[in-house]
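A.B. asks: What follows is a single structure, and I will ask about it in a moment.
The values are calculated or read from the model by the stated rules, or taken from the named source; none is laboratory data. Please read these numbers as outputs of a predicted model, since none were measured by experiment. Note that each Cβ is placed from the backbone with ideal geometry, even for glycine, and that neighbours are counted across all protein chains shown.
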């Protein structure tokens, strides 16, 4: 999205409103107010307003580290060739502007000129200049985006020796794996499970937990080169005896008021996090208690996303050049600037200063060079198949009647060889990687466009050929609805839209040139995520709602019978009230065990008092079996604490054999799958051990906690009554968990 | 204020030093209040929201991991407090009617400003929230997405619409 000078104007106008602070809000009165509030607060051990703020703060500060575990049996093998039964190859349609071709700079000088021109144009922009010129100049001087660390610097002294002995996995089979978009492409996550060990990453730490002894056998905290740098690991991969840890390296050198203006070329460029690089560490973990660092790689830019195909790790980062500082013009990989012939640009006269940097690293061959490609223009979404990585970028087209477009760039992947294959554009916004799918030679996408002249949403489905030209389209299939979730299953697409009638559509894609609606079913609310449970059943995880509004304070599970796509049916629904789940925005938090036909999702309940004030969050890991087209055997694995003092940046669940594990950044709890009884608890983060213990202390007697929180029994037989909200704490009852003595 | 000073103040505030918290608060007070006034459409509600945010923040400051993030952390707390204020007035996601508002006259008042204020109040609370977050606090779409539990694409789309809406409202 282009930077909009109008916002500068608005900001200027709004800031002219120099409202005098009311007396109550002056510093002295605020301090007095806090002093008055103090005794009460101490008495209650700060437990009064439990997790509300923590949760809010976590949401605000948390590095996007979300994702997780399922087991993946390829239910619908997508290897079926799409019938081009019409034998003729469909012809491209002219639905959007010609695909954006990418060009390259002839020389480094041309690239320098590109940025200098941007700098000159921006300098001349008086609107920005008047307001932000001074600040911009200031931060340009202080902006240090040099490549921050080299391989040697991130080597942790403790991690040098190679292991000599080898552990055997408890290879007895069934355990939770990360719920990935493509069966043959792995996605990094904050937790991994290899059937015996659990791996977690949080902040600058990663931990390896042996589930047999329930001990943390290793905890690594690699030290960045400089004192005020810090790591935020967000992605783990485990491949046999290799562990890959990657995340963003934050540079604390830029103080908060050194806000850097003018470089972000999407959305709002006013605020940028500290200059950062992304670090990837590859460890040999043949001995899980003594990981040996095999390789460290650093690439400029914050971690956007990564994927692993076989042994090769593909990492995408976003890097912002500063047009006022020549040394930042080109991002570096392992300290070396990316060669000019590996950099693509859509508009050599344009204003984009953000790069996406794509690298391929062979984790099995630590000596092999890292291959790099770079694209000036940024990215909004990554979708990866075994042989192609698609970078999607949202565009705002103000000159057109339709407001948005999504550019798609396809990079072919062959081991570490990367090449730009093709590029194309579809109208509207393609929301996430589940809204795009490669099937045979065709790429299918769903998008939502918006016509701001008529104020109407336009949901469409497009089929693109290998050259990324649109060959088939089903435009505006749901009047004034927005695409909320999509699942492509072979020749059929299932799409949930939301606004007025909230249907689930089944769309036939067997003729790429003529996608058509097979059937639809209307339902209240909408699904944010669709998961195939079997060939005939589709699960939706989303929100409840009515014709007008969605209720975002709940989790709605829907089962769809898709055995007859012409007549999809919602066969069962279950609503978890006053609850949230990470699955709503991160499908990696969803776990599916296709052997047992059981799925699990982390659930956090808001704890409210009678005034509906938020008093904390209660974490429960829930699993449901799917039997005969209906939900059955609802089980709840209690994390325990209802007090909201300690908060965790993630809460996930997984399973190994007959055991269920719930994980946060500081503790792992083990449960018996069948009885839901807690077996063992491990607090493995020493830094927050005290807080964790405090937070977990309450659940020493689960039954009490449950009773106090008015929760249903641990195992809830599935019936109508259980649809009652479990955790609304009523102040009129005798017990108030939020105020109980610590 | 340099990052070291902020770090130091946060540390003191974590130990219960109200004066240190007051000093931190002062660095963001004007922005917080301005945001709350525009967001809730009322100086009284803004006062309540900011007071509550301050109390909560002081209680929760031990959870603030990165001192540099104080500003956005305060903002996220205020965001929730404003939502609560609006919810209590049953005005969530609804337009605050201009006649119900009592935004105080600003020290500098331009006719353009009056028009912008009116236009702002005709936006939905969620639109206003994103718009003010972007304009006053300079959050980008990713940060706003995290704050509002949404997706960056959605935020961008909403912001774009909001901008168009404002543009047409201001033309009227």
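A.B. asks: Restricting attention to the range B:119-144, which residues are crowded, with 20+ Cβ neighbours inside 10 Å, within 11 Å of chain A (Cβ to nearest Cβ) and touching a residue at least 24 places away in the same chain (Cβ under 8 Å)?
C.D. replies: B:120, B:130, B:131, B:132, B:133, B:134, B:136, B:137, B:139, B:143
A.B. asks: Search the range B:16-25 for residues being within 9 Å of chain A (Cβ to nearest Cβ) and part of a helix (DSSP H, G or I), and hand back the single one that is surrounded by the most Cβ atoms within 10 Å (Cβ to Cβ). Lay out the reasoning, then the answer.
C.D. replies: Taking the range B:16-25 as the starting set, the residues that turn out to be within 9 Å of chain A (Cβ to nearest Cβ) are B:16, B:18-19, B:21-23, B:25.
Those still in the list that are part of a helix (DSSP H, G or I) too: B:18-19, B:21-23, B:25.
Working: B:18: 20, B:19: 15, B:21: 23, B:22: 24, B:23: 19, B:25: 26.
Top of the filtered list is B:25.
A.B. asks: Is the range B:102-118 home to any residue that is crowded, with 20+ Cβ neighbours inside 10 Å, under 16 Å from the mean Cα position of the chain (by Cα) and modelled with pLDDT of 60 or more?
C.D. replies: Yes, the range B:102-118 has at least one match.
A.B. asks: In the range A:434-445, is there at least one residue being in a loop (DSSP other than H, G, I, E, B) and more than 14 Å from chain B (Cβ to nearest Cβ)?
C.D. replies: yes
A.B. asks: Name, by its number, the condition in (1) assigned to a helix (DSSP H, G or I); (2) touching a helix residue (DSSP H, G or I) at 6+ places or on another chain (Cβ under 7 Å); (3) surrounded by fewer than 24 Cβ atoms within 10 Å (Cβ to Cβ) that does not hold for residue B:38.
C.D. replies: (3)
A.B. asks: If we scan the range A:479-486, do we find a residue that is touching a residue at least 60 places away in the same chain (Cβ under 8 Å) and part of a loop (DSSP other than H, G, I, E, B)?
C.D. replies: For the range A:479-486, residues touching a residue at least 60 places away in the same chain (Cβ under 8 Å) and part of a loop (DSSP other than H, G, I, E, B): absent.
A.B. asks: Same structure, new question: Would you check if there is a residue in the range A:523-546 being within 13 Å of chain B (Cβ to nearest Cβ) and in contact (Cβ under 8 Å) with a residue 60 or more places away in the chain?
C.D. replies: yes
A.B. asks: Which of the numbered conditions does residue A:448 fail, given that it passes all the others? Conditions: (1) touching a helix residue (DSSP H, G or I) at 6+ places or on another chain (Cβ under 8 Å); (2) not in a strand (DSSP E or B).
C.D. replies: The failed condition is (2).
A.B. asks: Restricting the first residue to the range B:145-172 and requiring it to be more than 8 Å from chain A (Cβ to nearest Cβ) and within 17 Å of residue B:79 (Cα to Cα), which pairs with a second residue that is in a loop (DSSP other than H, G, I, E, B) and at pLDDT below 75 meet a Cβ separation below 6 Å and a spacing of at least six or different chains?
C.D. replies: Filtered contacts from the range B:145-172: B:145/B:151.
A.B. asks: Of all strands (runs of 3 or more DSSP E) completely enclosed by the range A:529-646, which ones contain at least 1 residues that are at pLDDT below 85?
C.D. replies: Result: A:537-545, A:550-561, A:569-577, A:598-608, A:614-627, A:630-638.
A.B. asks: So, one more: What are the residues in the range A:237-290 that are modelled with pLDDT of 90 or more and touching a helix residue (DSSP H, G or I) at 6+ places or on another chain (Cβ under 8 Å), if any?
C.D. replies: A:281, A:283
Conditions tested, residue by residue: (1) more than 7 Å from every other protein chain (Cβ to nearest Cβ); (2) modelled with pLDDT under 80; (3) surrounded by 24 or more Cβ atoms within 10 Å (Cβ to Cβ).
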site: B:14; (1), (2), (3): yes, no, no
site: B:28; (1), (2), (3): yes, no, no
site: B:32; (1), (2), (3): yes, no, yes
site: B:49; (1), (2), (3): yes, no, yes
site: B:66; (1), (2), (3): no, yes, no
site: B:76; (1), (2), (3): no, no, yes
site: B:82; (1), (2), (3): yes, no, yes
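A.B. asks: Still on this structure, please answer the following. For the range A:514-528, which residues satisfy the criterion of being in a loop (DSSP other than H, G, I, E, B) and closer than 17 Å to residue A:446 by Cβ?
C.D. replies: Listed by number, the residues that qualify are A:514, A:515.
A.B. asks: Would a scan of the range A:328-339 turn up a residue that is crowded, with 20+ Cβ neighbours inside 10 Å, within 14 Å of chain B (Cβ to nearest Cβ) and closer than 30 Å to residue B:133 by Cα?
C.D. replies: Checked against the condition, which is being crowded, with 20+ Cβ neighbours inside 10 Å, within 14 Å of chain B (Cβ to nearest Cβ) and closer than 30 Å to residue B:133 by Cα, the range A:328-339 yields no hits at all.
A.B. asks: Let me ask something else. Among the residues of the range A:356-397, what is the count of those that are at positive phi and in contact with a helix residue (DSSP H, G or I) (Cβ under 9 Å, 6 or more places away or on another chain)?
C.D. replies: The number of residues fulfilling the criteria is 0.
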